[in-house]
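Student: Questions regarding the structure given below will be posed in turn.
The values are calculated or read from the model by the stated rules, or taken from the named source; none is laboratory data. On a predicted model such as this, the values are computed, not experimentally measured, just so you know. We place every Cβ from the backbone using ideal geometry, glycine too, and count neighbours over all the protein chains shown. For the accessible areas, the whole protein counts, side chains as well, though only heavy atoms, and no ligand, DNA or RNA atoms are used. Shrake-Rupley method; radii C 1.70, N 1.55, O 1.52, S 1.80 Å.
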Amino acid sequence: MKKKSLTPEQSETLLKVLQTRFEKNMNRHKGMQWEKIQTKLESNPEKLWSLNEMEETEGEPDVVDYNQKTDEYLFFDCSPESPKRRSLCYDYAAWESRKANKPESNAIDKASEMGIEILTEEQYRHLQELGKFDQKTSSWVQTPASIRELGGAVFCDRRYNTVFYYHNGADSYYAARGFRGSLRV
């Protein structure tokens, strides 16, 4: 099992990366102050570890929202294309059902291992309001139980300046399809 904490040096390096990204993309978090976010991150080492996992897979996590009621910041993977966690079935049941050519893993378990959640369709559409993402790739999104029970799963991408919501067999996987994560801190 992976140790879910960073060394002080790793934490410091990650915080600098996140601060630089935060300052470079102010349109994603108008009115928010980095100092408050950093304080919150420093008091949540396990969340910082999850953000590092997102960063290590080239997800480029950034703050996209703040919930005043719960005092939580919301981070999304903001990389231009789906992060480097691709070629994954949707979930374990789909992975298990494959008789041949099983991929390394599945998106739901991979997200759980990282301590994050896969974006919902609503979150994915919110992300697309902040920029243009997945113009060459696609990303699994949380699938409604009614679709999953029938063997399907859903994913999104952006083509022709439009966000598309598609379906596929949950056991399918493609080199250009990954998943985007969210993390509440």
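Student: How much FRET efficiency would the formula 1/(1 + (r/R0)^6) give for ALA145 and ARG125, where r is the Cβ-Cβ distance and R0 is 22 Å, rounded to 0.05?
Tutor: 0.65
Student: Report the Rg/Rh value for the stretch 53-108, based on alpha-carbon coordinates and the Kirkwood definition of Rh. If you can, show how the numbers build up before the last one.
Tutor: Values: Rg = 15.3 Å, Rh = 13.3 Å.
With Rh from the inverse mean 1/r over Cα pairs, Rg/Rh is 1.15.
Student: Kindly provide log₁₀ I(q)/I(0) values, in the same order as q = 0.20, 0.24 Å⁻¹, from the Debye equation applied to equal alpha-carbon scatterers of the stretch 45-151.
Tutor: Once normalised to I(0) and log-transformed, intensities are -1.17, -1.48.
Student: Could I ask something else about it? Just from the alpha-carbon atoms, what are the Rg and Dmax of the stretch 104-185 in angstroms?
Tutor: Cα only, the stretch 104-185: 12.4, 34 Å (Rg, Dmax).
Student: Starting from the Kirkwood Rh over alpha-carbon pairs, what translational D in µm² s⁻¹ does the stretch 95-138 have by Stokes-Einstein at 37 °C and 0.692 mPa s? Don't skip to the answer; put the middle values down first.
Tutor: Details: Rh = 12.8 Å.
Roughly 257 µm²/s, to the nearest whole number.
Student: Helix-only estimate, please: 222 nm mean residue ellipticity of the chain, summing -39500 (n - 2.57) across DSSP H runs of length 4 or more and dividing by its residues, to the nearest 500. Walk me through the intermediate numbers first.
Tutor: Details: 7 runs with 65 residues, N = 185.
After summing the helix terms and dividing by residue count, I get -10000 deg cm²/dmol.
Student: In the full protein assembly as shown, how much of SER82 is accessible to a 1.4 Å probe, in Å² to the nearest 10?
Tutor: Here the accessible area works out near 0 Å².
Student: So for LYS84, LYS99, LYS136, what's the accessible-area order with a 1.4 Å probe, most first?
Tutor: Reading off the accessible areas and sorting them downward yields LYS99, LYS136, LYS84.
Student: Moving to a separate point now. Give me Rg/Rg_expected for the stretch 1-68, where Rg uses Cα atoms only and Rg_expected = 2.2 N^0.38 Å with N residues. Let's see the in-between values first.
Tutor: Working: Rg = 11.9 Å, N = 68, 2.2 N^0.38 = 10.9 Å.
Normalised by 2.2 N^0.38 Å, the Cα Rg of the stretch 1-68 equals 1.09.
Student: So, one more: If you line up the Cα atoms of the chain on their principal axes, what length do they span on each, largest first, in Å?
Tutor: 49, 41, 30
Student: Moving to a separate point now. Please work out the FRET efficiency for the pair ASN101 and GLU72, using the Cβ-Cβ distance as r and a Förster radius of 41 Å; give the result to the nearest 0.05. Please report the intermediate quantities before stating the final value.
Tutor: Numbers: r = 40 Å, r/R0 = 0.97.
The formula returns an efficiency of 0.55 here.
Student: Ok, one more. What is the chain's relative contact order, in percent, from Cα pairs under 8 angstrom and six or more apart in sequence? Don't jump to the answer; show the numbers that get you there.
Tutor: On the way: 323 pairs, mean separation 44.5, N = 185.
Computed over the chain, the figure is 24 percent.
Student: To the nearest 10 square angstrom, how much accessible area does THR70 have with a 1.4 angstrom probe?
Tutor: 70
Student: With r as the distance between the Cβ atoms of LYS36 and THR7 and R0 = 30 Å, compute the FRET efficiency 1/(1 + (r/R0)^6) and round to 0.05. List each step's numbers first, then the result.
Tutor: Working: r = 24 Å, r/R0 = 0.80.
Step by step, r from the Cβ atoms, then E = 0.80.
Student: Further question on the same structure: Dipole of the chain (Lys/Arg Cβ +1, Asp/Glu Cβ -1, origin at the Cα centre): which of SER112, THR162, GLY151 lies farthest to the positive side?
Tutor: Comparing the listed Cα positions along the dipole, THR162 ranks first.
Student: Quote the charge dipole size of the stretch 1-104 about the Cα centre in Debye, to the nearest 20; the model charges only the Cβ of Lys and Arg (+1) and of Asp and Glu (-1). If you can, show how the numbers build up before the last one.
Tutor: On the way: 18 positive and 20 negative charges, 57 e Å.
That gives the stretch 1-104 a dipole magnitude of about 280 debye.
Student: Explain nothing, just compute: Karplus ³J(HN,Hα) = 6.51 cos²θ - 1.76 cosθ + 1.60, θ = phi - 60°, for every residue of the stretch 41-51 in order, whole Hz, x for Gly and Pro.
Tutor: So the Karplus estimates, Gly and Pro as x, are 5, 5, 8, 10, x, 5, 5, 4, 4, 4, 4 Hz.
Student: Also: Order ARG125, ARG21, most accessible first, counting only protein heavy atoms with a 1.4 angstrom probe. Walk me through the numbers before you get to the answer.
Tutor: Numbers: ARG125 90, ARG21 30 Å².
Largest to smallest exposure gives the sequence ARG125, ARG21.
Student: I would also like to ask the following. Where only protein heavy atoms count, and the probe is 1.4 Å, what is the accessible area per residue for the chain in Å²? Kindly include the intermediate steps, with their values, before the conclusion.
Tutor: Numbers: 9940 Å² over 185 residues.
Heavy-atom SASA per residue in the chain reads 54 Å².
Student: Let's see if you can work this out: charge +1 on each Lys and Arg Cβ, -1 on each Asp and Glu Cβ, no other charges. What is the dipole magnitude of the chain about its Cα centre, in debye to the nearest 20? It would help to have the intermediate numbers written out before the result.
Tutor: Values: 28 positive and 30 negative charges, 76 e Å.
It works out to roughly 360 debye.
Student: Now for a separate question. If you roll a 1.4 Å probe over the stretch 18-130 with all protein chains in place, what percent of the accessible area is carbon or sulfur? Write out the running numbers ahead of the final one.
Tutor: Numbers: 2550 of 5880 Å².
Ligands and nucleic acids excluded, carbon and sulfur reach 43 percent.
Student: In what order, largest first, do ARG86, ARG158 sit by accessible area if the probe radius is 1.4 Å?
Tutor: Working: ARG86 60, ARG158 30 Å².
Largest accessible area first, the residues go ARG86, ARG158.
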